[in-house]
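Scroll down for the structure; my scribbles are underneath it.
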Amino acid sequence: MLNELHSNYVDGHFAVPKGAARIDVLNPSRNAVISGIPDSPVAVVDEAVAAATAAQKSWARLAPIERASLLRQVAARIRANTDEIARAISEEQGKILGLAKVEANFTADYIDYMAEWARRIEGEIIPSDRRNETIFLHRQPIGVVAGILPWNFPFFLIARKMAPALLIGNTIVIKPSEETPNNAAMFSRLLAETDMPRGVFNLVFGRGPSVGQALASHPGVGMVSFTGSVTTGSAIMAAAARNITKVNLELGGKAPAIVTADADLELAAGAIKDSRIINSGQVCNCAERVYVDRKVADAFIAKLTAKMKASRFGDPLKDETVDMGPLINAAASQKVKAMVDKAVADGAEVVTGGTPNSESDGFFFEPTVIAGARQDMEIMRKEIFGPVVPVAVFDDLDQAIDMANDCEYGLTSSIYTRDLGAAMKASRELKFGETYVNRENFEAMQGFHAGQRKSGIGGADGKHGIYEYTTTHTVYIET
Ligand code: NAD
């Protein structure tokens, strides 16, 4: 509904807190207000945590397969509404419609995948040092999980936190980003149409420093699962420290892509271009910096530049054939522009692009290639989060790996090579949570997505991701 004010979803009820101010939500393609959310007071967090706590005991007592069946109902509601969901994501976040549809469908698939784990959660049985005793390690739910979300894959990230948390027997309170609440409101409406018991899933709108902080520091929350920036991750960790609350942090990245002299340059240039254009470069695991062997640098940069130049941008709801939409907001566009300008001031060269598009009200940024980048430049060290590829050269693989590892982030990395030895060396020596060989993102739901260094603590997806939402209860039985 146009310009709708969305309601929180707490204990199975939709409501706007009395007297709450309104936070406007923009369409970044047009810089126009499309909806609003309540600037919820922190009292709403108390209500949501109380509801989640009350619901958790009986939720955990269900057989896992019963919880899985309720999760599958949510997946089915999503699958029946993917077009509407995709349009909402596209409108408020600027993602092209094709990718928004992938996000909606993948979300349903992800929930079904997590539901499959109902019959696969395993504990351990260990022989004791005492006669007539057996030691059991049970995987138990933690209790109430708080999920605090960013805006770049806003719909999927609800499921990435909700599905494993609920399958295990936890209940959850989700706080979506202020930038992208429309799809989250849709998620809660679809979930409310299922048989999910009230209080198991709650969703609270509001600002990070109020609602987000209140969740992270709440004594009733057993785990905070956060995806977002390093700065906020650090604030959440500090807030969680008050109650020794477990944190799971999926933070920023500065993914290096290494292109060796024997690489398929066409493949490398295409994959790296796709990775920077997808979601307008606003993906935590897209190639943020390139190291190319000096011997093939000119040929590679020429191919990459041609592909970036050919990438078209525009309002994804007006033209479904564009390759990318806008950046999320004006601040993001100004930040990306400032980083490009600083790189140029420090001696790098803009080969193509370099500026925000001035012909519309939206926050579009030209696909940009920067040559002559050096390791000490800000553009090679800080997350850009825009369609800008800085390229530096190297003379041998050891040097490339050292430069790739010389970074405060450690989320993902990639290497393009036809040499198995080089690929194996990179996979041994790159200090990142993930390495892609001859391709870029995305990660698989059965893998494990986890950052090293400032890119995070813990991880998501697959068996290891699901076990993040458990605590181990050891029971000694002497008979
Ligand atoms: P952000 O940190 O600004 O905000 C994320 C969420 O945190 C929002 O809901 C916000 O309201 C909330 N928040 C803000 N301040 C808070 C506080 N003091 N306490 C509690 N909550 C607070 O991040 P963003 O701009 O929405 O997202 C972009 C970032 O997310 C990028 O750095 C990107 O790399 C990262 N990201 C990482 C992954 C991953 O899997 N590692 C995935 C997607 C995005």
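Values computed for the structure shown
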{"read-out": "Normalised contact order of the chain, rounded percent, pairs of Cα under 8 Å and 6 or more residues apart", "value": "18 percent"}
{"read-out": "Value of Rg/Rh across segment 317-421 [Cα atoms, Kirkwood radius]", "value": "1.02"}
{"read-out": "Calculated over segment 312-379: convex hull of Cα atoms, volume per residue (Å³)", "value": "88 Å³"}
{"read-out": "Quotient of C-alpha Rg and 2.2 N^0.38 Å, computed over segment 237-361", "value": "1.29"}
{"read-out": "Segment 255-446 - share of DSSP beta bridges that are antiparallel (%, nearest 5)", "value": "15 percent"}
{"read-out": "Principal-axis tilt of helix 182-192 within the chain, Cα atoms, nearest 10 degrees", "value": "30 degrees"}
{"read-out": "Degrees between helix 64-79 axis and first principal axis of the chain (Cα, 0 to 90, nearest 10)", "value": "50 degrees"}
{"read-out": "Rounded to whole Hz, the Karplus (6.51, -1.76, 1.60) HN-Hα couplings of segment 8-20, x for glycine and proline", "value": "5, 10, 10, 6, x, 10, 8, 7, 9, x, 4, x, 5"}
{"read-out": "Fully extended contour minus Cα-Cα distance, from I65 to A338, at 0.36 nm per residue", "value": "93.1 nm"}
{"read-out": "Simple label model, 7 Å out from Cα along Cβ direction - A80 to I244, nm", "value": "4.6 nm"}
{"read-out": "Overall dimensions of segment 105-185 by Cα: Rg and Dmax, Å", "value": "17.5, 60"}
{"read-out": "Dipole magnitude of segment 255-446 about its Cα centre (Cβ charges: Lys, Arg +1; Asp, Glu -1), debye to nearest 20", "value": "80 debye"}
{"read-out": "Bridge type composition, the chain - antiparallel percent by DSSP, nearest 5", "value": "45 percent"}
{"read-out": "Order by protection proxy (mean Cβ within 10 Å, highest first), peptides 400-407, 160-167, 209-216", "value": "160-167, 209-216, 400-407"}
{"read-out": "Net +/- balance of residues flanking I457 in space, Cβ distance below 12 Å, scoring K and R +1, D and E -1", "value": "+1"}
{"read-out": "Label point distance in nm, D129-D264, each placed 7 Å from Cα along Cα→Cβ", "value": "5.7 nm"}
{"read-out": "FRET efficiency estimate (nearest 0.05) - Cβ-Cβ, T479 to N405, R0 41 angstrom", "value": "0.15"}
{"read-out": "Rh by Kirkwood over Cα pairs, then Stokes-Einstein D for segment 397-479 at 0.890 mPa s and 25 °C, µm²/s", "value": "167 µm²/s"}
{"read-out": "Long-range tail of P(r) for segment 255-446 (Cα pairs > 23 Å, %)", "value": "37 percent"}
{"read-out": "Gain on full stretching of the segment that runs from S210 to A444 - 0.36 nm per residue minus C-alpha separation", "value": "80.9 nm"}
{"read-out": "Test item: Cα-centred dipole of the chain, Lys/Arg +1 and Asp/Glu -1 on Cβ, debye", "value": "860 debye"}
{"read-out": "Cα gyration tensor shape for segment 167-209, rounded if a/c is under 1.5, else prolate or oblate", "value": "oblate"}
{"read-out": "Debye log10 I(q)/I(0) for the chain, one point scatterer per Cα, at q = 0.09, 0.14 Å⁻¹", "value": "-0.62, -1.33"}
{"read-out": "Segment 1-139: projected area of the alpha-carbon convex hull, averaged over directions, in nm²", "value": "12.6 nm²"}
{"read-out": "Ordering of 439-447, 142-150 by packing [mean C-beta count within 10 Å, highest first]", "value": "142-150, 439-447"}
{"read-out": "Segment 292-346 shape via C-alpha gyration tensor axes, a/c threshold 1.5", "value": "oblate"}
{"read-out": "Most to least packed among 299-308, 231-240, 198-207 [average Cβ atoms within 10 Å]", "value": "198-207, 299-308, 231-240"}
{"read-out": "Rounded to the nearest 20 debye, dipole of segment 205-323 from Cβ charges on Lys, Arg, Asp, Glu", "value": "420 debye"}
{"read-out": "Net lengthening on full extension, L137/D361 (0.36 nm per residue, minus Cα-Cα)", "value": "74.8 nm"}
{"read-out": "Rounded tilt (10° steps) of 230-241 against the dominant C-alpha axis of the chain", "value": "20 degrees"}
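Any read-out appearing in this document is the output of simple, stated calculations on the displayed coordinates, not a laboratory observation. Just so we're clear, the structure is a prediction, and the values are computed from it rather than from any experiment. Cβ: placed from backbone, ideal geometry, glycine included. Neighbour counts: every protein chain shown.
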